[in-house]
Amino acid sequence: MLSRQQKEEIVAKLTDEIKEAPACVFADFKGLSANDMVELKKKLRESGSTFQVIKKKLLAIALKNNDIEIDPKQLEGQIAVSVSSDEVSSAKIIHETAKENENISIVAGILGEKLMTLEEVQALAKLPSTDELRARLVGQLQAPISGFVNLLAGVPRSFVQVLAAVKDEKEA
């Protein structure tokens, strides 16, 4: 059993994490094996997110400290909270894990200070990550430049092909 001081430290740490994080995901992990939990935590850690099991009462205090009006007691199951370093990574990872393992499921989430329903978190999980969006933007910015370079390179290439055809015609 945790002492009052330990509980206060947990609440203070979680309060700070929620305040700094752009998004949080609440998941029901009832029945999840220890190995699956370790694997999930590893994936989340690699993406810069955390995943911790916390008592609903302590979670309620941390949320209240951040002026987020959610009653965790209304959330079904054993709740773990994943605090994400960006808007989509933890939602995406937990959603993918839930597809493979029926013992974990997303219950709700927070985006900024807004409570998200299960459907909203699932929609968020389907969005591309920040890195994917950056890659797409670079590709879109690079496409006109690449086209222009190909256009400029096409003129000398065509000229060389015409000279080669004239040479072949004279040799024949």
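Would you mind finding the longest exposed-site-free stretch of the chain, with exposed trypsin sites (Lys or Arg not before Pro) meaning DSSP loop and at most 15 other Cβ atoms within 10 Å?
With trypsin sites (Lys or Arg not before Pro) excluded where exposed in loops, the chain gives 56-125 as its longest stretch.
For the cross-link pairs Lys7/Lys99; Lys19/Lys92; Lys19/Lys99; Lys7/Lys126; Lys7/Lys92, which exceed 26 Å when the distance is taken from alpha carbon to alpha carbon?
Checking Cα-Cα distances, Lys7/Lys99; Lys19/Lys99; Lys7/Lys126; Lys7/Lys92 exceed 26 Å.
Sort out the exposed loop GluC sites (Glu not before Pro) in the chain (DSSP loop, at most 16 other Cβ within 10 Å) and tell me the longest stretch that has none.
Looking at the chain, 1-68 is the longest stretch - no exposed GluC sites (Glu not before Pro) with at most 16 other Cβ atoms within 10 Å.
What list of ³J(HN,Hα) couplings, whole Hz, do you get for the stretch 17-27 from phi and the Karplus terms 6.51, -1.76, 1.60, once you set θ to phi - 60° and write x for glycine and proline?
Here the 3J(HN,Hα) series is 4, 5, 4, 7, 7, x, 8, 9, 10, 9, 10 Hz.
Out of these labelled values of percent of Cα pairs over 26 Å apart, (i) 31; (ii) 44; (iii) 36, which was calculated from the coordinates shown here?
(ii)
So, in Å, what gap is there between the alpha-carbon centers of the stretch 40-57 and the stretch 61-140?
When both Cα centres are located, 11 Å separates them.
With the contact rule set at Cα under 8 Å and sequence spacing of 6 or more, what percent relative contact order holds for the chain?
Normalised by residue count, the contact order of the chain is 26 percent.
Helix 89-100 sits at what angle to the longest principal axis of the chain, using alpha carbons and giving 0 to 90 degrees rounded to 10?
The answer is roughly 80 degrees.
Per DSSP H run of at least 4 residues, take -39500 (n - 2.57); add these up for the chain, divide by its residues and hand me the 222 nm value, nearest 500 deg cm²/dmol.
That calculation yields -20000 deg cm²/dmol at 222 nm.
Only the coordinates and a few stated rules stand behind these numbers; no lab work does. What you are looking at is a predicted structure, and each value in this text was computed from that prediction instead of being measured. Counting neighbours? That spans all protein chains shown, and the Cβs are built from the backbone with ideal geometry, glycine included.
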